[in-house]
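So the structure is just underneath, and the comments pick up after that.
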Amino acid sequence: MVSEAHSRGEAYDLVLMDMQMPELDGYGATRALRARGFGAPIIALTAHATVGDREKCLETGCTDFMTKPIDRSRFYEILVRHLAGGVDSTRPTLA
């Protein structure tokens, strides 16, 4: 979806990434996006809440981390933090 939007000139400002998806999980999807030059924030969403899970998400290329169930106030805080500056024109785009 990110690649298709980019090809139409409708780039995503932020991605919410479910880390436990079937077939291609969020770790693989995040690595693929970063390898293609996607520079926007990727927020990991996972039911796994250990420090090790957080570190794994960040090492994979996620910008931030949230556990499920989602806490609304924390969700809004993260969105504002990563979107408040608007789109970064120096950010690499998809290849």
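None of the figures in this text is laboratory data; all of them are computed from the coordinates on show. Worth saying up front: this structure is predicted, and the values here are computed from it rather than measured. As a convention, Cβ positions derive from the backbone with ideal geometry for all residues, glycine included, and neighbour counts pool all protein chains shown.
Remarks
- Potential lengthening of the chain between ALA49 and LEU79 amounts to 8.9 nm, from the contour at 0.36 nm per residue minus the alpha-carbon distance.
- Put simply, the C-alpha atoms of the chain give a gyration tensor, and the ellipsoid matching it has half-axes of 22, 17, 11 Å, longest first.
- Between ARG36 and MET1, the simple label model (points 7 Å from Cα in the Cβ direction) yields a spacing of 1.4 nm.
- For trypsin sites (Lys or Arg not before Pro), the sites in region 1-78 that DSSP calls loop and that have at most 12 other Cβ atoms within 10 Å are ARG8.
- GNM flexibility winner over the chain from GLU59, GLU23, GLU77 (Cα, springs under 10 Å): GLU23
- For the chain, the 222 nm mean residue ellipticity estimated from helices alone, with every DSSP H stretch of n ≥ 4 adding -39500 (n - 2.57) and the total spread over all residues, rounds to -11500 deg cm²/dmol.
- A cut-off of 5 Å between modelled amide H atoms, ignoring neighbours fewer than 5 places along the same chain, links PHE65 with ALA44.
- The dipole here belongs to the chain: it is taken about the Cα centre, uses +1 on the Cβ of Lys and Arg and -1 on the Cβ of Asp and Glu, and is about 120 debye.
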